[in-house]
Every structure is written in structure tokens, then in C-alpha cells.
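These notes concern the structure reproduced below.
The values are calculated or read from the model by the stated rules, or taken from the named source; none is laboratory data. Computed from a predicted structure; not experimentally measured. Glycine also receives a Cβ, built like all others from the backbone with ideal geometry; neighbour counts cover every protein chain displayed. What goes into the accessible areas is simple: the full protein's heavy atoms, side chains included, and nothing from ligands, DNA or RNA. Shrake-Rupley method; radii C 1.70, N 1.55, O 1.52, S 1.80 Å.
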Amino acid sequence: MEEIYCFAGNPLDRASERRRDGEWIRSLLDDPVARVLPLHDLRPATRGSDSLILDWQPLEPWRDKIEHGATLVFLGLGEGRPYFTVDAGAVEGERETFDARSLAPLLPGGEAAIVAEARSLIDWHARHRFCAQCGSPTRVVAAGWVRRCPECKASHYPRSDPVTIMLAVRGERALLGRNRRRPGNRFSCLAGFMEPGETLEEGVRREVHEESGIRVGRVRYLACQPWPFPSSLMMGFLCEALTEEITVDPEELAEARWFSRDEIRAMVDRAATGPDDPTQLSLPGPVAIAHHICRRWSHGIDSI
């Protein structure tokens, strides 16, 4: 049975085949039931105190800002209404906002996936205002899903960066690393971006050897997760470690260690129940696919 992780399971129909239909998009914008999710510095608007939900707002109050150049993107259709997101700029007043990573575990199912879609797209527009081919300013078309250069006619599309994230297993032990940029005792699966001309399996083998010196044989795909920071697709694997001696790349990791199945199971259980205790070894929480790769192996759900 397929497991759905945080930032996956988007309930909206993206209606991608109709994004270039300008008349249809205009009709959605004129629909009184249309809703928009403002993103303030990439932080989605929310409401509620005891439990947070996304603050979907009518389009009308945002029309002036959109007409003056605020980026608007069509997200999809759901429950009989169209949904959009808008780059709302900086937060005004003292309204509290939450970054997507902190907010996602608090949202009802599916809403975190909508946040992932919205955040990645608004961030992409902010980073791609100029044509990569000729340097001219680009224009937003196709309901926010394309930027087109009026000078050289090049079209630019949002994309996800593929990342392999894997747990290397040797018998009853598995390899975890600690990132140089993260203080404390937080360990995780090794991970890295795919390179051009590489298969997924080759990417897994290269990254594990590059970061830890461990050689890898068999590779088994488990699951994937959108990761909107800014726009990656995390592809999770178990892989067979053929060697044991660790040689850490100091540019990538502070350290790497072999952990027993029991140790990783205990780390998974601690991470699932609360915040990190800096005195104990820890793993990422359930918001991250690394947590679930470790959970599935340490609890005997999956094996290599």
C-alpha cells in the first residue's frame, strides 16, 4: 500500500490542459466563489488559534495588487471552486505567519501539499524574472505556469530538482550522517542532487560513496516526497552497502556512523513523539521522508 507523506496528496485538480485557455482562466477569475491563498515572503496566510488552517480569501480585495504586477498562479479546482495563490509581499502589521516547514505538520491532510505547490511556484517566479537565454525581462503566461521572453520568444517552465535520499544497509546496521550545517545530534539519511546523464541507481551509488566512502550494490526504490525548499522531489531508497569502512567527505558531512536496527528504531520513535532532546541522538521528524525511510527499515516493513 502506498504511503502518502507530508507535502504529498494534493487534493486539487490542476487542470493543466486548460492553463493556456485565457478565456477560461478569466472566467475563473470572475467567479465569485474563487479563492486565493496569499503568500507573504513565501509564508502562507493562516487563520485559527487552537488549530491552524489555510486562510483562503476572496479574489476581489487582491485585484488591485494583481493588476499592479503581483504574481498570480492558478493552483487548481476543488469542491466546485477555483483556487489561486498570489505573491503578497511582506507581512503588514503584526500578523503572525509561519514558514511552510513549521506549518505543514499542523495542517489538515492535503493542505500541506497545496502549500508545497504554491510556495514552489511563487518562489520560482521570484527567481526567474529574466530570460536565461537573452537576459530580457520575461512575462507570466499560462495562468502562472510559464514565463515567456518577448524578445527571443523562449519559454521557461517551473521544474522540480530530483534528489536521491537513501539508507545504506549492511546486515542489521544502517548508515546515517550528520550535516555540517546542523548542530547537535541530528542524524539523517544521506542525500544528494541527481547529476545529468545519471540513472537513479547510479545517483544513489555515487552519492553514498562521495559522502561516506561506502560502496553500494543493490538499490531499491521506496517512495517520494515533494520538498518545496525551494522545489525538490525527494526520491527515497534502501541500498545494499558492500563495504564498512567510512571515509567522510568533510565538505558534506560532520560525521557518519553505522547504527543498529534497534538504535534507529529508538531514534524514529523519539522523533515521532516530540522535539529534539539535544542530549540524545535524533532523526528528522515525520515531516521528512528520511524519517519514514528509517521507520520502514527499522520496524521491518521494508528490506533491501
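Within the range 74-135, list the trypsin sites (Lys or Arg not before Pro) lying in a DSSP loop whose Cβ has at most 13 other Cβ atoms in a 10 Å radius.
Working: sites: 95, 101, 119, 127, 129; in loops: 95, 129.
Listed in order of number, the matching sites are 95, 129.
Can you give the helix-only mean residue ellipticity at 222 nm for the chain, where every DSSP H stretch with n ≥ 4 adds -39500 (n - 2.57) and the sum goes over all residues, rounded to the nearest 500 deg cm²/dmol? Can you show the working numbers first?
On the way: 7 runs with 70 residues, N = 304.
Calculated mean residue ellipticity at 222 nm is -7000 deg cm²/dmol.
With everything on Cα atoms, drop me the angle between helix 289-298 and the longest principal axis of the chain, reported from 0 to 90° to the nearest 10.
30 degrees
Among residues other than residue 35 whose Cβ falls under 12 Å from its Cβ, what is the net charge (Lys/Arg +1, Asp/Glu -1)? Could the numbers behind the result be given before it?
On the way: positive: 81; negative: 31, 55, 60, 79.
Combined, the nearby Lys, Arg, Asp and Glu give -3.
Counting each pair of different Cα atoms once, what's the Kirkwood radius of the range 1-137 in Å, rounded to one decimal? Kindly include the intermediate steps, with their values, before the conclusion.
On the way: mean 1/r = 0.0628 Å⁻¹.
About 15.9 Å for the range 1-137.
Set the Förster radius R0 to 35 Å, insert the Cβ-Cβ distance between residue 23 and residue 133 as r into 1/(1 + (r/R0)^6), and round the FRET efficiency to 0.05. Each step should come with its number before you reach the end.
On the way: r = 29 Å, r/R0 = 0.84.
Efficiency computed from Cβ-Cβ geometry: 0.75.
Step through the residues of the range 15-32 one at a time and calculate ³J(HN,Hα) from phi using the Karplus curve (6.51 cos²θ - 1.76 cosθ + 1.60, θ = phi - 60°), rounding each to whole Hz and writing x for Gly and Pro.
So the Karplus estimates, Gly and Pro as x, are 6, 4, 6, 10, 5, 8, 7, x, 5, 5, 4, 4, 5, 5, 5, 8, 6, x Hz.
Give me the one-decimal nm value for the distance between modelled label points at residue 81 and residue 251, 7 Å along each residue's Cα-to-Cβ direction.
5.0 nm
Ignoring ligands, DNA and RNA, what accessible area per residue does the chain give at 1.4 Å, in Å²? Don't skip to the end; give the middle numbers.
Values: 15430 Å² over 304 residues.
Solvent-accessible surface per residue comes out at 51 Å².
Kindly express, to the nearest 10 degrees and within the range 0 to 90, the angle between helix 200-212's C-alpha long axis and the longest C-alpha principal axis of the chain.
Result, in degrees: 60.
Heavy atoms only, probe 1.4 Å: what % of the accessible area of the range 186-229 goes to carbon and sulfur, would you let me know?
Values: 1070 of 2010 Å².
About 53 percent, which is the carbon plus sulfur part of the accessible surface.
Based on C-alpha coordinates, I'd like the Rg and Dmax of the chain, in Å.
Spelled out, the Cα radius of gyration and Dmax of the chain are 21.6, 63 Å.
How much accessible surface does residue 152 have with a 1.4 Å probe, in Å² rounded to 10?
40 Å²
Determine, for each peptide in 42-49, 220-227, 181-188, the mean count of other beta carbons within 10 angstrom over its residues, then list the peptides with the highest first. Before the final figure, lay out the partial values.
Numbers: 42-49: 16.4, 220-227: 19.1, 181-188: 14.9.
Packing order, densest peptide first, comes out as 220-227, 42-49, 181-188.
So which GluC sites (Glu not before Pro) in the range 1-76 are both in a DSSP loop and have at most 10 other Cβ atoms within 10 Å of their Cβ?
Details: sites: 2, 3, 17, 23, 67; in loops: 2, 3.
Counting only loop positions with at most 10 other Cβ atoms within 10 Å, the GluC sites (Glu not before Pro) in the range 1-76 are 2.
Can you work out the FRET efficiency for the pair residue 244 and residue 202, with r the C-beta to C-beta distance and R0 = 25 Å, to the nearest 0.05? Walk me through the numbers before you get to the answer.
Numbers: r = 22 Å, r/R0 = 0.88.
The value I calculate is 0.70.
For the range 40-98, what % of the accessible area comes from carbon and sulfur atoms, probe 1.4 Å?
On the way: 1460 of 3300 Å².
Percent of accessible area from carbon and sulfur atoms in the range 40-98: 44.
Could you estimate the translational diffusion coefficient of the range 111-254 from the Stokes-Einstein equation, with Rh from the Kirkwood formula over C-alpha pairs, at 25 °C and 0.890 mPa s, in whole µm²/s? Present the calculation step by step, with values, prior to reporting the outcome.
Details: Rh = 17.3 Å.
So the translational diffusion coefficient is about 142 µm²/s.
Can you tell which of 284, 38, 58 shows the greatest fluctuation in a Gaussian network model of the chain with Cα springs below 10 Å?
Answer for the Gaussian network model of the chain: 58.
Over the alpha carbons of the range 59-145, what is the largest minus smallest coordinate on each principal axis, giving the biggest first in Å?
Principal extents (Cα only, largest first): 43, 33, 27 Å.
Show me, for the range 238-244, the HN-Hα J-couplings you get by feeding each phi into the Karplus relation (A = 6.51, B = -1.76, C = 1.60, θ = phi - 60°), rounded to Hz, glycine and proline as x.
Going residue by residue, I get 9, 9, 8, 7, 9, 10, 10 Hz, with x marking Gly and Pro.
Please flag any cysteine in the chain that has no other cysteine's Cβ under 4.7 angstrom from its own Cβ.
Cys with no partner Cβ under 4.7 Å: 6, 189, 224, 239, 294.
Only Cα pairs within less than 10 Å get springs; with that Gaussian network setup on the chain, which residue of 16, 232, 120 has the largest fluctuation?
Maximum fluctuation in the GNM of the chain, among the listed residues, is at 16.
For the chain, take the longest principal axis of its alpha carbons; what is the angle in degrees between that and the long axis of helix 261-273, to the nearest 10 within 0 to 90?
30 degrees
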